Amino acid sequence: MALSLSSVFSSTSPELPRRVLGSTGIDVSALGLGAAPLGDPALTDAAATRLVHEALALGVRVFDTAPSYGKSEERLGYALRGRRHGAVVVTKGGYGVPGAEDWTPAAIEGGIDRALATLGTDYLDVFLLHSCGLDLLTSGKLLEPLQRAKAAGKVRAIGYSGDGAPLAWVVANGNVDVIECSVSFVDQEALFASIPAAHAAGVGVIAKRPLANAPWTHTDRPAREDIATYWDRMQTFFPGGARDLALDELAVRFAAFADGVDCAVLGTRQPHHLERALRCLARGPLPTMLLTSLRAHYEQQAWPAII
């Protein structure tokens, strides 16, 4: 029997679980706001500010942004004026700095300074290399400027955002504080190796794409390649649509309660989507039998991460 989420709604929002981000000492919420939608030109500045403020009111503490997300950093910084102490700001870089070649120490150092100015803050909680390739990581040139920025107090924690072989290399060799990687029931690769290794080493883990771009919202196979791949995978889990939980609930509970995950960031423009996710989390981890089945099916397929 399918569960209706309306059955768990009430006039008072449940308390959002809090955790510590690895060994950083940074207090985070189990659910964060993926702030890429803040950069959407169709979103007004007022609506962006309202989204951040309502997220804070729900107990959301983590805000994940990047310079490639349009006006996201700028809007987030504006919305957090006077509220910075209640937020954990995660941003990224390595590219797009005027006068500096991408993926060089100058681009990283300049990117950190640019982020500080754009966000209107004197420190960043987390700064991540944004999905650079394995060849760049193994060159040994990109982690040192991160360490210098941390030593200077510009950044509290440093790390890498990405998937696949580069993520595995960073966990094994990078001497980082935090990783951010894809975690969903249709994209589980990191759960079998990189996340357990990171957790054992005290590295904080932020799960991105917990809804895998919500492939269930499409009646037909989507045209966009990554969503289409997620859509194809989803069909194998639930042939004929047979399932006991709404897929958005299953997805958010799977990611946020996955072993080793400290925070799952949900990208949305709508505050009610965050509240819906919050009420899903109030139901706790997925039933053991269902979770075991989801993990076993994925492992049997041996699908790679979608990068």
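Derivation of every value follows stated rules applied to the coordinates shown; laboratory data play no part. Predicted model, so just to flag it, every value in this text is computed and none were measured. Positions of Cβ are backbone-derived with ideal geometry, glycine not excepted, and every protein chain shown enters the neighbour counts.
Stretched out straight at 0.36 nm per residue, the stretch from residue 19 to residue 299 would grow longer than its current Cα-Cα span by 98.0 nm. The Cβ shell under 15 Å around residue 201 holds other residues with a net charge of -3, Lys and Arg each +1, Asp and Glu each -1. Taking the Cα centre of region 66-222 as origin and assigning +1 to Lys and Arg Cβ atoms and -1 to Asp and Glu Cβ atoms, the resulting dipole is close to 540 debye. Each residue of region 275-286 is assigned a 3J(HN,Hα), and the resulting list reads 5, 4, 4, 4, 6, 5, 4, 5, 7, x, x, 5 Hz, derived from the Karplus form 6.51 cos²θ - 1.76 cosθ + 1.60 (θ = phi - 60°), x at Gly and Pro. Working from label points 7 Å from Cα in the Cα-to-Cβ sense, the residue 152 to residue 200 distance is 3.6 nm. Here the 3J(HN,Hα) profile of region 31-43, calculated from phi with Karplus coefficients 6.51, -1.76 and 1.60 at θ = phi - 60°, is 10, x, 9, x, 8, 4, x, 4, x, 5, x, 6, 8 Hz, Gly and Pro shown as x. Here the chain is assigned +1 on the Cβ of each Lys and Arg and -1 on the Cβ of each Asp and Glu. Its dipole about the Cα centre then comes out at about 680 debye.
The phi-based Karplus calculation (6.51 cos²θ - 1.76 cosθ + 1.60; θ = phi - 60°) puts the 3J(HN,Hα) values of region 79-85 at 5, 8, 4, x, 10, 4, 5 Hz, whole numbers, x for Gly and Pro.
List the lysines whose Cα sits under 17 Å from the Cα of residue 141, skipping any in the same chain fewer than 8 residues away. Result set, ordered by chain and number: 92, 150.
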